[in-house]
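One structure is given here, and the rest of the page talks about it.
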Amino acid sequence: MDSSKFETDEPLTPAGRLFLRPEINQIIHCVIGVRDLIDVDSVKSQIAGSVMVQHPRFSSLLVRDQNGVEYWRRTSIEVDRHVIVVAEPVLDDGASDEKAVNEYLADLAINSSMDADKPLWEIHLLLAHKCAIFRIHHALGDGISLMSMFLTCCRRADDPNALPTIVLDSRPARKTSRWSWAEEIPKTLLAVWFNFLFVVEFILRALWVSDRKSPISGGDGVELWPRKMATAKFAVEDMKAVKKAVANVTMNDVLFSVIGAGLSRYLEHRQPKGLKEGLQLTGVAMVNLREQRGLQELTEMMKGNRGFGWGNKLGILLLPVNYEKKTLDPLQCVMRTKKMLDRKKRSFEAHFSYGVGKLIMSCLGPKVASILNYRIVCNTSFTISNVIGPREEITIGGNPITYIRSTSTSLPHTITMHMVSYAGRAEMQILVAKDIIPDPEFLAECLENVLLEMKTAATTFETK
């Protein structure tokens, strides 16, 4: 092979190499529902002329040198090889589009293979169900990167010439006040203490400490078990109503409160007797570490500006929830969750996990790093991620988008939850190991009902 070609090869980032390891191998599945019938030829034409196929990651092959080190090598794109057309309904029993698409995704979830002789992405067009599934290897980028990429291919429904609104996390302005030794020293010491505790817990989780067994426990090998999927649907306005009722609460505080209370509700249904009050279940949350939060402008990512950057800029947070009886006041649950998350936000846990991962990758190689990451997942109970989508309705190729959902291939967890917001709605894909959790639809219902109860409590609180 011509050695000059290697001069243009670009090495994978440490995170990219990690996601290619068999222990952690991850493919992102983004589902785009549309209102009108899909024209296959039109879709292929749009892909061929899109910014996506011009992007270095989407137009490169994964290659390995004689030492097994991975590189990206630019190549030409054959669109027909990346578009998979499914013309007939996925299910023959007259099932709804949502159920059919979820079953298709559940089957994809235990298939983490992609052809290495083409760039690591493909698009499945489910014509009968009017949706497209973007199947993209996690080595190409994280949810923030990929959402930014996708939005460059879309336009606002109310203005066909305008790009979708990039929604940034709203952060209250920090109040300036007179600095006081008496106030700041205890706060600093407390922050140092919590950082120490969180870092020690992270290390122990990577070694041997695990959650106690529960009806939703997974473990080594569970990622290979058959999957099932359900969709939980929330109104963003309902989450905002809860946020408004509790001082200084964020949308993520509300979301994790819903998850904690919803899991308690589900466990109470599965095992009404025998579960100890306060049983801890630990979630693994992926955190965007870019300096500017929220969705990033693709142009800035392509420039590699400080604080932006395409790729996988993710850290890990270990988020505990405790099994509680449903008699707990809904807003009390939100306040308690906020207190826990505030401690996490003041810590360096996510940055520590990212930095240590890079260090281990550099010194010990991807195999050791992937084993440690795999152990963290085996020793915890569930995965949660949340990506902010466009605030207004959008179109792709002139076809109005009805929903945006996201999930991924399986992990040793029995429950993986991925939420995406879009045009006032937030939809969470709940992927489960069906031999352990046979009823994900009921789990989705538990989460939906918890948010409605929180909203009712928030409304009642405001009227007092």
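The values are calculated or read from the model by the stated rules, or taken from the named source; none is laboratory data. Predicted model only: the values in this text are computed from it and were never measured. Heads up, the Cβs are rebuilt from the backbone with ideal geometry, glycines too, and the neighbour counts pull from every protein chain shown. Keep in mind that these areas ignore ligands, DNA and RNA; they rest on the heavy atoms of the full protein, side chains included. Shrake-Rupley method; radii C 1.70, N 1.55, O 1.52, S 1.80 Å.
Scaled against the 2.2 N^0.38 Å expected of a compact globular protein of N residues, the Cα radius of gyration of segment 216-257 reads 1.77. Evaluated with a Cβ-only charge set (Lys, Arg +1; Asp, Glu -1), the chain carries a dipole of roughly 1920 debye about its Cα centre, given to the nearest 20. Over 32 Å apart at the Cα level, from the set Lys345/Lys455; Lys99/Lys213; Lys276/Lys455; Lys99/Lys358, are Lys99/Lys358.
With 0.36 nm allotted per residue and the present C-alpha distance subtracted, the Leu197-Glu445 stretch has 85.8 nm of extension available. Here the chain is scanned for GluC sites (Glu not before Pro) in DSSP loops (not H, G, I, E, B) that have at most 14 other Cβ atoms within 10 Å, and the longest stretch holding none of them is 79-276.
For segment 1-94, what is the per residue volume of the convex hull drawn over the alpha-carbon atoms, in cubic angstrom?
On the way: hull volume 16.2 nm³, N = 94.
Given the Cα convex hull of segment 1-94, per-residue volume reads 172 Å³.
Ranking Trp225, Trp72 by solvent-accessible area of protein heavy atoms (1.4 Å probe, all protein chains present), from largest to smallest, gives Trp225, Trp72. The listed residues Met52, Met114, Met335 rank as Met335, Met114, Met52 when sorted by accessible area, largest first, using a 1.4 Å probe.
Only beta bridges with both residues in the chain are counted; by DSSP, about 80 percent of them are antiparallel.
Sequentially through segment 53-70, phi angles give Karplus couplings (6.51, -1.76, 1.60; θ = phi - 60°) of 6, 8, 6, x, 5, 7, 10, 10, 8, 8, 10, 10, 7, 5, 9, x, 7, 8 Hz, Gly and Pro residues having no value and appearing as x. Heavy-atom accessible area for Leu127, with the other protein chains in place and a 1.4 Å probe, reaches approximately 40 Å². Of His351, His129, the order by accessible heavy-atom surface (1.4 Å probe, DNA, RNA and ligands excluded), from most exposed downward, is His351, His129.
Using a 1.4 Å probe over the heavy atoms of the protein chains, calculate the carbon and sulfur portion of the accessible area of the chain as a whole percent. Write out the running numbers ahead of the final one.
On the way: 12260 of 22390 Å².
The C+S portion of the solvent-accessible surface of the chain is 55 percent.
Where does segment 90-156 land on Rg(C-alpha)/(2.2 N^0.38 Å)? Can you show the working numbers first?
On the way: Rg = 13.9 Å, N = 67, 2.2 N^0.38 = 10.9 Å.
Ratio of Rg to 2.2 N^0.38 Å for segment 90-156: 1.28.
Averaged over its residues, the chain has an accessible area of 48 Å² per residue, based on protein heavy atoms and a 1.4 Å probe.
For segment 322-406, the list of trypsin sites (Lys or Arg not before Pro) that fall in a loop by DSSP and count at most 11 other C-beta atoms within 10 angstrom reads Lys325.
When Lys and Arg each count +1 and Asp and Glu each count -1, what net charge do the other residues less than 12 Å away from Ile437, Cβ to Cβ, add up to?
On the way: positive: Arg227, Lys228, Arg270, Lys434; negative: Asp435, Asp439, Glu441.
Net charge in that neighbourhood comes out at +1.
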